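This report concerns only the one structure given below.
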Amino acid sequence: LMKAHELRDQSLKELESLEREKAEELMQLKIRLSMRQLDNPLQVRELRREVAVIKTIINQKRAAAL
């Protein structure tokens, strides 16, 4: 789990690729959860929050660029 200040140091392109990566990972976790193959269901919540933080920082960077 990366901290917000660590993410803010990354470029917009890096953040966007990280967001795509995490969204893909989240989709896989949700599929495993629905098939009852997930050991720790809290992983879904943690990853969803991580994606939200990344998206927030991306939006902040885009707003600052205007």
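The values are calculated or read from the model by the stated rules, or taken from the named source; none is laboratory data. Predicted model, so just to flag it, every value in this text is computed and none were measured. A quick note on method: Cβ atoms are made from the backbone with ideal geometry, for glycine too, and the neighbour counts reach across all protein chains shown. SASA here: full protein model, heavy atoms, side chains in, ligands and nucleic acids out. Shrake-Rupley method; radii C 1.70, N 1.55, O 1.52, S 1.80 Å.
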> For the stretch 29-60, how many residues meet the condition of being of a type outside the set (Ser, Thr, Tyr), open to solvent by 60 Å² or more (accessible area, probe 1.4 Å) and more than 14 Å from residue 3 (Cα to Cα)?
Replying inline: 16
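Taking the conditions exactly as written (open to solvent by 70 Å² or more (accessible area, probe 1.4 Å), under 19 Å from residue 65 (Cα atoms), out of contact with any Leu (no Cβ under 9 Å at 6 or more places or on another chain) and not hydrophobic (A, V, I, L, M, F, W, C)), does residue 9 satisfy them or not?
Working: open to solvent by 70 Å² or more (accessible area, probe 1.4 Å): yes; under 19 Å from residue 65 (Cα atoms): yes; out of contact with any Leu (no Cβ under 9 Å at 6 or more places or on another chain): yes; not hydrophobic (A, V, I, L, M, F, W, C): yes.
Judged against the criteria, residue 9 is a match.
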> Are there any pairs, at least 6 apart or on different chains, whose C-beta atoms fall under 9 Å, with the first in the stretch 1-30 and over 18 Å from residue 46 (Cα atoms) and the second open to solvent by 70 Å² or more (accessible area, probe 1.4 Å) and basic (Lys, Arg), and if so, which?
Replying inline: 12/62
